[in-house]
Amino acid sequence: MRSTTRYQIAASACLIALIFLCLAWEGWLAPLKPGGSWMVLKGAFLLIPLFGILRGKRYTYKWLSLFIQFYLMEGLLRATSDHGLIQQLAVVETVLATALFVFTILFVRATRGPKEEKAVQQS
């Protein structure tokens, strides 16, 4: 199996796991308000890049590497400021967001064309 395929599968798995985590967290496990909250939309926003990631579209990987940092920041903030179940969920979100960021960067680097490699070497 090629490294790009491995990175794509790993990034897809992390993204899907992060979607389910966000939906379960804000919907049932520990919502801000009893019965759920509008924060469940943070999981819905992750559906936007899902099909591009599953299809291996390089452009989607590029912008997702920037977009996913919001989830990383939220996870770090809530992991250090909350307690109990919310803190544990935030740690899982931080781990998934970090792994997704790493795999998107690795995929983008692995799919870089020869023209881009030459430009990187010259600078």
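The values are calculated or read from the model by the stated rules, or taken from the named source; none is laboratory data. Only a predicted model underlies this, so the values are computations on that prediction, with no experimental measurement involved. No Cβ is skipped: glycine too gets one built from the backbone with ideal geometry, and neighbour counts run over all protein chains shown.
Taking the criterion of being under 19 Å from THR5 (Cα atoms), crowded, with 17+ Cβ neighbours inside 10 Å and not polar (S, T, N, Q), the residues of segment 57-77 that qualify are TYR61, LEU64.
Residues in segment 28-55 that are within 22 Å of PHE107 (Cβ to Cβ) and loosely packed, with under 11 Cβ neighbours inside 10 Å: 2 in all. When segment 35-92 is filtered for residues that are aliphatic (A, V, I, L, M), free of Cβ contacts under 8 Å to residues at least 24 places away in the same chain and in a loop (DSSP other than H, G, I, E, B), only ILE48 remains. So, in segment 1-23, of the ones that are over 10 Å from the mean Cα position of the chain (by Cα) and among the hydroxyl-bearing types (Ser, Thr, Tyr), which residue ends up modelled with the highest pLDDT? Per the stated criteria, the residue is TYR7. Here is the figure for segment 1-30: residues that are over 20 Å from ARG78 (Cβ atoms) and part of a helix (DSSP H, G or I) total 12.
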